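The values are calculated or read from the model by the stated rules, or taken from the named source; none is laboratory data. These numbers were taken from a predicted model, which means no experiment stands behind them. Note that each Cβ is placed from the backbone with ideal geometry, even for glycine, and that neighbours are counted across all protein chains shown.
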Amino acid sequence: MKYIRLLSGFLLFIFIAGYAEAGNFGVGVHSGFGVIKYEEDTTLLAEQYQSDTKLTTVLLGVSGEYTFQRFENLFAGITTDWALGLKNQEQWDKNKIKFQTNDLRIFAQFYDGRLGYKNNFNKFNYRLYGSFGWDGIHFRRTNFIDVNGVQTDATIAEAFSLWRVGGGLNMDYRIGNMILDGRAAYSYYFDGDVRNTNNDGLWFDTNGTCIDVGLGVMFEVAEDFNLYLGGSYTRIELDESEVVGSLQTGRPVSKFPNSQMQMIAGVVNLTYSF
């Protein structure tokens with residue numbers, strides 16, 4: 001339910017800012033299409049396990065930003081993204097030999113609150129900001145098939161709950177009615193919780209990093225309306241957890257592996273300022 005509270009905060013932000021000084025507030029909606037590449041790698045009980053998959057991905061999101069009336073160089077904002085990774089096959093290797101496949105779907109949600117400083121230098125505009133947010137990533141695995149073709153009718157769900165802190169930089173350069181825009185951001189996951197229905201009652205603690213970059217072009221399509229066309233790249237790396245369980249107690253030995261998720265997408269964004 002954490003994401004619901006964050007979304008409620010975003011809607012409250014829009015409601016309050018709607019009564020702010022005209023020209024100090026902007027809202028945007030964006031969508032994208034691309035691919036998620038997901039990998040896992042771990043060694044458990046002297047066996048090395050690896051997984052690998054690519055999923056076609058649809059991206060949707062909304063954003064809002066408010067510039068403070070008395071401190072015009074300071075701004076606050078929030079950005080949300082929802083990514084849906086469509087079903088594709090995931091392959092598992094043990095000691096570099098294929099031993100299983102399954103179908104995988106991914107739903108990811110990203111919520112990022114920002115507080116920063118903006119200014120300009122000649123034709124360049126820049127923004128520096130600190131950020132705090134929560135990311136939730138949900139995996140659904142079905143249709144397990146071993147190397148002998150034996151199918152297992154099971155569904156395994158896995159959920160990541162990741163709190164992060166970080167910062168970023170946006171820069172743009174105007175050429176006539178066109179604006180070249182670039183961004184780069186870094187976040188550290190200081191609190192990561194992973195739960196898997198295949199390990200009922202167990203949870204895994206992880207940390208990690210997120211790098212997000214983007215490059216595009218913005219056009220003024222009407223008064224107070226801007227259209228952005230560009231691309232984005234996000235890379236999330238999570239650390240391997242401590243081992244949970246014990247052979248002596250009869251509980252299965254398990255741990256969360258090193259994992260890496262990369263998302264590449266083309267993005268369209270429409271922004272309205274008022």
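Annotations
- Pairs where the first residue, in segment 121-145, is closer than 30 Å to GLN89 by Cα and the second is among the charged types (D, E, K, R) and loosely packed, with under 14 Cβ neighbours inside 10 Å, C-beta under 8 Å, 6+ apart: TRP134/LYS2; GLY136/LYS2
- Segment 138-158, residues that are of a type outside the set (Val, Ile, Thr) and either in contact with a strand residue (DSSP E or B) (Cβ under 8 Å, 6 or more places away or on another chain) or in a strand (DSSP E or B) (or both): HIS138, PHE139, ARG140, ARG141, ASN143, PHE144, ASP146, GLN151, ASP153, ALA154, ALA157, GLU158
- Verdict on LEU6 being among the aliphatic types (A, V, I, L, M), surrounded by 15 or more Cβ atoms within 10 Å (Cβ to Cβ) and at pLDDT 50 or above: yes
- Which numbered condition VAL147 fails, given (1) closer than 27 Å to ASN207 by Cα; (2) surrounded by fewer than 13 Cβ atoms within 10 Å (Cβ to Cβ); (3) of a type in the set (A, V, I, L, M): (1)
- Selected residue (criterion: modelled with the highest pLDDT) from residues of segment 241-274 that are charged (D, E, K, R) and surrounded by fewer than 17 Cβ atoms within 10 Å (Cβ to Cβ): GLU242
- Looking across segment 123-149, the residues that are modelled with pLDDT under 95 and hydrophobic (A, V, I, L, M, F, W, C) come down to PHE124, VAL147.
- Taken together, the criteria place GLU39 among residues that are among the acidic types (Asp, Glu), in contact (Cβ under 8 Å) with a residue 40 or more places away in the chain and surrounded by 13 or more Cβ atoms within 10 Å (Cβ to Cβ).
- Single match in PHE107, PHE75, PHE99, PHE33 (criterion: touching a strand residue (DSSP E or B) at 6+ places or on another chain (Cβ under 7 Å), exposed (fewer than 13 other Cβ atoms within 10 Å of the Cβ) and part of a strand (DSSP E or B)): PHE33
- Residues of segment 81-96 that are in a strand (DSSP E or B), surrounded by fewer than 20 Cβ atoms within 10 Å (Cβ to Cβ) and not aromatic (Phe, Trp, Tyr): LEU84, LEU86, LYS87, ASN88, GLN89, GLN91, ASP93, LYS94.
- Test result for LEU180, over 15 Å from the mean Cα position of the chain (by Cα), assigned to a strand (DSSP E or B) and either surrounded by 15 or more Cβ atoms within 10 Å (Cβ to Cβ) or of a type in the set (A, V, I, L, M) (or both): yes
- Counted residues, segment 201-242 - those being in contact (Cβ under 8 Å) with a residue 24 or more places away in the chain, at negative phi and not in a strand (DSSP E or B): 5
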